[in-house]
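The values are calculated or read from the model by the stated rules, or taken from the named source; none is laboratory data. Keep in mind it's a predicted model, so treat the numbers as computed, not measured. Because the Cβ atoms are built from the backbone with ideal geometry, glycine has one as well, and the counts that use them run over all protein chains shown. Surface areas here come from the heavy atoms of the whole protein model, side chains and all, with no ligands, DNA or RNA. Shrake-Rupley method; radii C 1.70, N 1.55, O 1.52, S 1.80 Å.
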Amino acid sequence: KNAYYVATYDEFYTEVYYGGMVIPTADIALSNFLVSPNETDIYLNGKNITGQTNFFFYAPIESALLSINGEGTVTTSTGYVSMVTSGGTFVVNGGTFNLGNTNEKAHFYTQNSGKTIINGGTFISNDANTPILYCINGFIEINGGFFQNTANSEQALLSMGDNINYVNNQKITLS
């Protein structure tokens, strides 16, 4: 794959959208979410991704395969880290995720046949009222990682939609 080295939000946004291997060479502050309708591998490269947007990473269609890889930090103050829907896939292979307060269902939201796969990483939530992962009519697979809520140790890590129409079409797997 071609590697695209990016130093600004505009470059980051464009390369994530078109797909391939995207590697930030500087810390990046997001002013809007990143859409990935294609196969995109983001390598954090020790950099920090921050922002104040409704969500950071959006995999909206079946052809979307967005992965976050390596060491680096993703910090949110509000909203979702990821929104995965309509058959898209979001994969985490490492990194540290500092999760702020949100009025949303969770920090990682999976719905409508979307799939979220966690293969490691550190997930620290400062939100006393919100689970880290939420699934409705989708699939979540956790194969490792460290999860902690520093604001409320009793807050759920995972939450699943309770709409009876989706019971057979959603699944959370912990390995």
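The table below lists the values:
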read-out: Convex hull volume per residue for the chain, taking Cα atoms only, in Å³; value: 97
read-out: Estimated FRET transfer efficiency when R0 is 30 angstrom, pair residue 141-residue 96 (beta carbons, to 0.05); value: 0.90
read-out: Total charge dipole magnitude, the chain, about the Cα centre, Cβ charges on Lys, Arg, Asp, Glu only, Debye to nearest 20; value: 200
read-out: Heavy-atom surface of the chain, accessible at 1.4 Å and reported per residue (Å²); value: 45
read-out: Nitroxide proxy distance, nm - points 7 Å out along Cα→Cβ at residue 17 and residue 29; value: 2.2
read-out: Projected-area mean, the range 112-175, by convex hull of Cα positions, square nanometres; value: 4.4
read-out: Cβ-based charge dipole, the chain, positive-most Cα from 42, 117, 100; value: 117
read-out: Protein accessible area in the chain, 1.4 Å probe - carbon and sulfur %; value: 44
